[in-house]
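I have placed the structure first, in the form of structure tokens, so that the comments after it can refer back to it.
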Amino acid sequence: MTRTRCDRTPAWAALQTEFLARGRAMDLRNAFAVDANRFERFSLSAPHVFADLSKNLIEDRSQALLLDLARQCGVAAHRDAMFTGQAINATEQRQVLHTLLRNPAPALATYAVIAPENVASELVRVHATLDAMLAYAEAVRADPGITDVVNIGIGGSDLGPQMAVLALGAFAAQGRRLHFVSNVDGHELDAVLKQVRPEQTLFLIASKTFTTIETMTNAASAKAWFEAQGGTDIARHFAALTTNVAAARAFGIATTFGFWDWVGGRYSLWSAIGLPLAIAIGASGFRDFLDGAHAMDQHFREAQLEHNLPVRLALIDIWYRNFYGFGSRSIAPYHSALRRLPAYLQQLEMESNGKRVDIEGQALPYATSPVLWGEPGTNGQHAYFQMLHQGTDVVPVEFVAVKRAGHELSGHQPLLLANAVAQAQALMLGKTDAGGHKHFTGNRPSTFLLLDELTPASLGALIALQEHRVFVSGSMWCINSFDQWGVELGKVLARDIEARLASGDEAGLDGSTAGLLRRLRAPRDLPVVTDHAHDDTVSTIKAMK
Ligand code: F6P
């Protein structure tokens, strides 16, 4: 399909004019003063999620132009191309069909109507795999002999499952521990192996490619540990979650749950990669999780752009990134169980949209992905909210709050929610009656996402919302949000450096890399090097006198 780059549309030029004319000078306090209905007019609901967008720097005109931009970029057609199985991941010639993973089987007939036969038939395979995976999860849950499950994976094979298992801990069966090992740093696996017993442990080797060096290294060490401890039943204690079944079999694993190339790593939580979550919350909970995401998919596919929450969030992202020049967005989940949500969203958005060329490979003249970062509230208030309130940079904040607590402790939830609302209010209002150190400029924008409760369905909807928001901004930036060539260079160089660490060969290396290798290879710790450059500078200055 042909795509239109955002900067080549009439709306882009109109937005540039609008920003200079009104956007740049907009003051949220004035916007609320002149419009008593601003909250109602700039809020909207999607399945399981209420969004208060009213504390964003948008007005009717800028919003209308942003919607024009989405239309002129062909976002709806691009969205439909994704859902109907066109190979929109052009640099890898792949479809992008993670949404198929959460499409309920009975809809097969519906799906067949709107999608090519191959997609409809894929849905049959999706459900066969899902049913098998969930049956396995239930078998593990029914097995008193398995007390510990260790997921070995990294990136999308770790961040999603780990975030979701933590988020839905209240729905998890008690008495079974889930561990997540991702880093090739042996300290991580070593710490877990010290906590578990081989006869009571199930290792899940989660890797779409089954080639990622961190995962393969950890998997080999886990297997070696298991066998050294006298373990023999690999079939009972190891399972693989991968598209590369042959590699898993070569590793010695017979129990494999597959998925497909049209599932990107950072979009794979809905696939077999989600097995740790299925073991934690059970088959029924996992299906609720899928259903929540599917409800958001339907919203994304059917809602008019102006009432389409993924679209509205993405338009604000574009407005801030490409017109206000805001470089980052801070994620503030006001629920402790969502504390890994920022890390998950970092990969989702920054690995998807951290691109500098368009779909044709041409360098872009405008910015793309912002930096995402954040910690749970209220912790962030005692760490970096100082900068958010009084720093030189404006950083839009995305609050994610949950109305109902999952605990019975009195007084905590009202205090937590009061803090979330108050922080958003303080960012907007500021404190302008004080000068100097105690002056708060205010007019600092935020989005407030509110869930009634944190359940498998609401978490599924929230994650799907974020996936589709990332899709829309990437679509308008005319980039490929579904490849990740940028991760390859470091992997290649690491293999070369690993060999040189062993051999000491510095041929062709830059001075820094060679110097670091020398220090790392030194038989004893070398003294702290004085700053010779400083010495040289001093001697130069002396010579100049
Ligand atoms: O970071 C690069 C990447 O390919 C991610 O996209 C992916 O989620 C991660 O590495 C792990 O890949 P795999 O699941 O194939 O081990």
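Using helices alone, what [θ] at 222 nm do you get for the chain, with -39,500 (n - 2.57) per DSSP H run of 4 or more residues, divided over all residues and rounded to the nearest 500? Taken over the chain, the calculation gives -14000 deg cm²/dmol. The 1.4 Å probe gives accessible areas that order HIS127, HIS48, HIS98, largest first, as HIS48, HIS127, HIS98.
Sparse packing (at most 12 other Cβ atoms within 10 Å of the Cβ) combined with a DSSP loop state is found for the following trypsin sites (Lys or Arg not before Pro) in the stretch 348-429: ARG356, LYS403, ARG404. DSSP assigns beta bridges within the chain; of those with both partners inside it, close to 25 percent run antiparallel.
Restricting the stretch 112-188 to trypsin sites (Lys or Arg not before Pro) that sit in a DSSP loop and have at most 16 other Cβ atoms within 10 Å of their own Cβ leaves nothing. Around the amide H of ALA46, modelled in the peptide plane, lie the amide H atoms of ALA51, all under 5 Å away and 5 or more residues distant in sequence or on another chain. Summarising the amide proton neighbourhood of VAL371: residues at separation of 5 or more, or on other chains, whose placed amide H is nearer than 5 Å comprise SER328, ARG329.
Using a probe of 1.4 angstrom and keeping all protein chains present, the accessible surface of the stretch 1-146 works out to 45 square angstrom per residue.
For the stretch 447-455, 3J(HN,Hα) computed residue by residue from phi via the Karplus equation (6.51, -1.76, 1.60; θ = phi - 60°) reads 10, 10, 9, 10, 9, 5, 8, 8, 10 Hz, glycine and proline entered as x.
Evaluating kT/(6 pi eta Rh) at 25 °C and 0.890 mPa s, with the Kirkwood radius of the stretch 141-299 over Cα pairs in the Stokes-Einstein relation, gives 156 µm² s⁻¹.
Net charge near ALA206, counting Lys/Arg +1 and Asp/Glu -1 over other residues with Cβ under 12 Å of its Cβ? In short, -1.
Directionally averaged projected area (the chain, Cα convex hull): 32.5 nm².
A cut-off of 5 Å between modelled amide H atoms, ignoring neighbours fewer than 5 places along the same chain, links GLY377 with TYR334, HIS335.
The values are calculated or read from the model by the stated rules, or taken from the named source; none is laboratory data. On a predicted model such as this, the values are computed, not experimentally measured, just so you know. As a convention, Cβ positions derive from the backbone with ideal geometry for all residues, glycine included, and neighbour counts pool all protein chains shown. For the accessible areas, the whole protein counts, side chains as well, though only heavy atoms, and no ligand, DNA or RNA atoms are used. Shrake-Rupley method; radii C 1.70, N 1.55, O 1.52, S 1.80 Å.
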